[in-house]
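Student: Sharing a structure below in structure tokens format, with a few things to ask.
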Amino acid sequence: MSKPQAAVPHELPILPLRDTVLFPGAVMPLTVGRESSLALLDSLQGEEKILGVVAQLDPRIEDPVGTDLHQIGALGKVHKMVRTPNGNVVVFLEGLTRIRVVEILGLKPFLRARVEEMPDVDDAPEAELTALFRNTQELFREVVARSAQLSDDLQGVALNMESPSQLADFVAGTLPSLSTLVRQELLETSSVRKRLESLIRELTKEKEVLELRAKIHDQVQEQVNQSQREFLLREQLKAIQKELGDTDDTQSEVTELREKVESSGMSAEAKKECERELKRLARMTPASAEYMVSRTYLEWMTSLPWAKTSGVEDIDIPKSQAILDEDHYDLEKIKQRILDYLAVKKLQPGMKGPILCFLGPPGVGKTSLGKSIARALGRKFVRISLGGMHDEAEIRGHRRTYIGALPGQIIQGIRRAETLDPVFMLDEVDKLGRDFRGDPSAALMEVLDPEQNHSFRDHYLDVPFDLSKVLFVATANWMDPIPEPLRDRMEILELAGYTEEEKIHIAKRFLIPRQCNENGLKAGEQIEFADEGLREIIHGYTREAGVRSLEREVATLIRKQARRIAEGKLEKLVVTPEVVRETLGVPKVHIEKEVEERVSRPGVSVGLVWTPAGGDIVFIEATSMRGGKQFTMTGHLGEVMQESMRAALSWVRANAERYGIDPDFFRKQDVHIHVPSGAIPKDGPSAGVAMVTALVSLLSGHAIRPRVAMTGEISLSGVVLPVGGIKEKVLGAKRAGIREVILPAENEPNVKEDLPADLLEGLQVHFVHSVDQALELALGKIEPWPRAVGGAGHREERPPVSPIH
């Protein structure tokens with residue numbers, strides 16, 4: 001068998017190969033699928049289809065360029081090309097000689113390069129080369145004889161070769177154990193002596209591996225029969241470990257785990273369960289699937305803080321108050337409740353921890369308040385988010401029968417805290433889901449019950465764990481989705497939205513220093529926020545109960561100043577309303593103007609609503625058209641709100657003549673009430689007064705006085721009933737630029753207790769007992785229908801309206 005000789009052209013098309021090396025003298029089938037490679041094959045003309053074949057440095061590159069290829073490749077000749085149904089081409093290549101890529105001449109439509117031949121170098125005496133040649137032949141023959149992958153015919157082919165260079169290339173291309181990197185190194189080696197020496201080393205290693213494999217197979221075959229396949233594999237693994245010198249450290253692992261169990265301080269029941277698992281573990285082989293299950297269980301059991309606490313015995317009440325005041329502005333009721341708990345804890349260290357739930361709109365500091373409690377107590381803080389969780393196993397854990405089972409989030413949080421008494425925050429408890437996998441809120445009932453959680457049993461651990469020392473703190477935006485039994489286990493502490501003055505204080509004390517620090521500026525030296533500038537941001541660019549949007553806008557202004565300083569403009573920036581408008585653009589919120597425009601025509605009233613994001617206003621629009629006795633309600637309304645609308649219409653029909661309305665209007669006209677923002681679900685009875693006002697305004701032709709908003713449930717007899725969320729609604733009204741609000745008289749104590757005098761500044765509050773009083777405040781005095789003057793429609797005496805200025 002003679003080595004093919006060929007003249008090497010100066011320029012060649014280059015075919016890049018992935019994880020493959022073509023040696024001179026070898027014939028290799030290749031599947032070609034890249035567009036550039038297919039274009040290369042199509043360009044080959046004549047009988048002598050010659051091309052360069054070079055391996056890629058990184059096989060993951062789809063469109064390689066010159067720098068992505070090795071320098072050394074092979075001159076290849078195409079003998080045959082076969083197209084497959086999927087569009088690829090199977091090409092049969094023969095390697096002719098080594099070539100070196102000197103320069104890439106083009107990339108499209110395929111690689112072209114200037115190349116030169118790389119001849120063999122015979123740099124060894126003939127006797128040494130002959131010895132290397134014969135050693136390679138003999139080693140290759142022995143490897144072929146022992147390998148199940150190589151055909152015995154290869155022995156004859158190798159023994160019939162006379163050229164050392166040809167033998168080296170043949171063995172390098174045939175030996176399956178060689179990696180692509182080793183093959184490329186052999187291709188790049190022009191010295192025949194060095195190639196043979198490298199191959200002798202590789203053949204010797206392969207021979208030893210094959211001999212060891214045969215030895216292991218013979219040892220195991222004597223002990224087992226063919227039907228015990230699983231046992232055979234395990235014994236083979238043992239024999240391999242023995243030959244490699246690995247020691248069986250199962251006993252040392254069991255001893256180490258037993259020591260951890262003894263020193264963990266776990267309960268007697270937990271220790272008994274661990275002892276049972278340790279006995280099982282000692283009898284298992286590490287290759288068993290059950291071995292890792294038992295070991296993981298024991299590692300979880302020994303890593304839990306069964307008896308470790310934070311170690312803070314003395315509670316300093318003044319220091320705790322200073323920490324709370326340092327971290328949060330206002331929130332006096334919340335702080336007082338926390339300090340009450342700390343005081344009782346100091347007097348009665350063994351008390352059961354309360355389950356606090358902070359309820360309020362986003363951005364008012366619920367999560368950060370939990371961190372402050374942990375800091376004040378000197379405890380670790382752990383937080384898990386319950387939003388979107390709908391698998392009961394996320395709380396209680398999975399049973400160990402499942403693959404990949406783990407404890408639930410409660411036990412995982414305790415492990416992260418490394419103490420038995422952390423402050424554990426259950427964030428977004430109102431956003432728990434439920435489906436066929438269970439109800440997480442039901443699993444939380446045991447966790448949050450001080451009478452039960454001293455023996456909480458996680459499905460994975462399956463032993464009681466004491467959670468009674470944990471201070472659980474939950475947060476929620478909305479009370480309604482929380483199931484009643486779970487709500488009953490928590491002490492609800494409501495956090496209302498912030499007033500304008502409170503937001504200014506929070507911005508100056510917390511938001512601006514934090515953002516200046518994050519953006520590399522010095523507050524007060526390089527940038528200063530005037531109160532008027534902050535008011536402009538609050539009024540024109542944010543409309544929220546919390547301060548998250550305010551912090552984002554403040555951060556935008558600080559980043560703009562940071563950019564100016566980076567550009568060399570070092571003067572201090574004072575943020576005034578003009579600077580705010582120049583930097584943030586046109587104000588995003590025009591609610592005051594919108595209120596005046598919307599209520600300028602009859603049939604539109606402004607109601608006050610409570611949402612999970614805080615208080616807000618809502619427009620209620622009424623219109624009429626020809627028809628009769630049809631009442632339409634739209635706006636994604638719930639059943640309670642629809643019933644409230646029907647009650648409003650009934651009251652208006654019953655009292656139509658007293659407000660200058662044709663008593664037969666419903667026989668002649670259809671009435672339609674719509675609450676805008678139709679994609680948002682709405683429900684509740686508190687918009688009853690606003691609905692009556694919108695209907696009377698429409699049918700009497702009197703527009704509502706500008707910047708007047710109202711809330712209150714109505715009865716069919718015209719009584720205005722109390723509603724909830726008064727503080728949030730008043731805050732929402734003030735944010736919207738409302739100047740007068742109409743509230744139920746029975747809510748007057750809520751206003752006096754929850755709303756400070758500075759909050760009511762610039763806002764007039766009216767308390768009403770009846771719908772008549774509300775209509776007089778909203779619409780002014782309306783002349784009755786002519787037929788009702790002095791007759792049956794005579795207006796009855798009403799209690800006086802109670803205003804607060």
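Student: Output the residues belonging to segment 25-50 that are open to solvent by less than 10 Å² (accessible area, probe 1.4 Å) and either touching a residue at least 60 places away in the same chain (Cβ under 8 Å) or charged (D, E, K, R) (or both).
Tutor: Correct list: Ser37, Leu40.
Student: If you go through segment 612-668, how many residues are within 23 Å of Gly724 (Cα to Cα), open to solvent by 40 Å² or more (accessible area, probe 1.4 Å), of a type in the set (S, T, N, Q) and in contact with a helix residue (DSSP H, G or I) (Cβ under 8 Å, 6 or more places away or on another chain)?
Tutor: Adding up the residues that qualify gives 0.
Student: Look through segment 63-75, keep the residues that are over 17 Å from Gly106 (Cα atoms) and not small (Gly, Ala, Ser), and return whichever of them is surrounded by the fewest Cβ atoms within 10 Å (Cβ to Cβ).
Tutor: Of all residues in segment 63-75, those over 17 Å from Gly106 (Cα atoms) come to 72-75.
Subset that is not small (Gly, Ala, Ser): 72, 75.
On the way: Ile72: 19, Leu75: 25.
Residue satisfying both the conditions and the ranking: Ile72.
Student: Still on this structure, please answer the following. Any idea which of Val692, Val671, Val696 is open to solvent by less than 20 Å² (accessible area, probe 1.4 Å) and over 28 Å from Asn747 (Cα atoms)? Give the derivation first.
Tutor: Details: Val692 fails: over 28 Å from Asn747 (Cα atoms); Val696 fails: over 28 Å from Asn747 (Cα atoms).
Only one candidate qualifies: Val671.
Student: Moving on to the next point. Test of understanding: among Val21, Val101, Val53, Val78, which residue is part of a loop (DSSP other than H, G, I, E, B), open to solvent by less than 30 Å² (accessible area, probe 1.4 Å) and out of contact with any Pro (no Cβ under 8 Å at 6 or more places or on another chain)? Step through it out loud before you land on a result.
Tutor: On the way: Val101 fails: part of a loop (DSSP other than H, G, I, E, B); Val53 fails: part of a loop (DSSP other than H, G, I, E, B); Val78 fails: part of a loop (DSSP other than H, G, I, E, B).
Val21 is the lone residue from the list that is part of a loop (DSSP other than H, G, I, E, B), open to solvent by less than 30 Å² (accessible area, probe 1.4 Å) and out of contact with any Pro (no Cβ under 8 Å at 6 or more places or on another chain).
Student: Same structure, new question: Restricted to segment 281-301, and to residues that are of a type outside the set (A, V, I, L, M) and at pLDDT 85 or above, which residue is surrounded by the fewest Cβ atoms within 10 Å (Cβ to Cβ)?
Tutor: Kept after step one, since they are of a type outside the set (A, V, I, L, M), are these residues of segment 281-301: 283, 285-286, 288, 290-291, 294-297, 299-300.
Filter once more, keeping what is at pLDDT 85 or above: 294-297, 299-300.
On the way: Ser294: 20, Arg295: 19, Thr296: 15, Tyr297: 20, Glu299: 11, Trp300: 18.
The extreme case among them is Glu299.
Student: Oh, and also: Assuming Ile506 fulfils every condition listed in (1) touching a Leu at 6+ places or on another chain (Cβ under 6 Å); (2) aliphatic (A, V, I, L, M); (3) surrounded by 15 or more Cβ atoms within 10 Å (Cβ to Cβ) apart from one, which condition is it?
Tutor: Exception for Ile506: condition (1).
Student: Another question about this same structure. Of all residues in segment 302-336, which are part of a loop (DSSP other than H, G, I, E, B), within 28 Å of Ser263 (Cβ to Cβ) and in contact with a helix residue (DSSP H, G or I) (Cβ under 9 Å, 6 or more places away or on another chain)?
Tutor: Filtering segment 302-336 for residues part of a loop (DSSP other than H, G, I, E, B) gives 304-316, 328-331.
Then drop every residue that is not within 28 Å of Ser263 (Cβ to Cβ), which leaves 304-314.
Result: Leu304, Pro305, Trp306, Ser310, Val312, Asp314.
Student: Continuing with this model, one more query. If you check Leu386, Leu377, Leu359, which single one turns out to be within 33 Å of the chain's Cα centre (by Cα), within 30 Å of Trp610 (Cβ to Cβ) and open to solvent by 10 Å² or more (accessible area, probe 1.4 Å)? Don't jump to the end; show me each part of the working.
Tutor: On the way: Leu386 fails: open to solvent by 10 Å² or more (accessible area, probe 1.4 Å); Leu377 fails: within 30 Å of Trp610 (Cβ to Cβ).
The unique qualifying residue is Leu359.
Student: I'd like to check something: does segment 152-165 contain any residue that is open to solvent by 30 Å² or more (accessible area, probe 1.4 Å) and closer than 30 Å to Asp68 by Cβ?
Tutor: Checked segment 152-165: no residue is open to solvent by 30 Å² or more (accessible area, probe 1.4 Å) and closer than 30 Å to Asp68 by Cβ.
The values are calculated or read from the model by the stated rules, or taken from the named source; none is laboratory data. Since we're looking at a predicted model, the values are computed, not measured. Note that each Cβ is placed from the backbone with ideal geometry, even for glycine, and that neighbours are counted across all protein chains shown. For accessibility, only protein heavy atoms count, side chains too; no ligands or nucleic acids. Shrake-Rupley method; radii C 1.70, N 1.55, O 1.52, S 1.80 Å.
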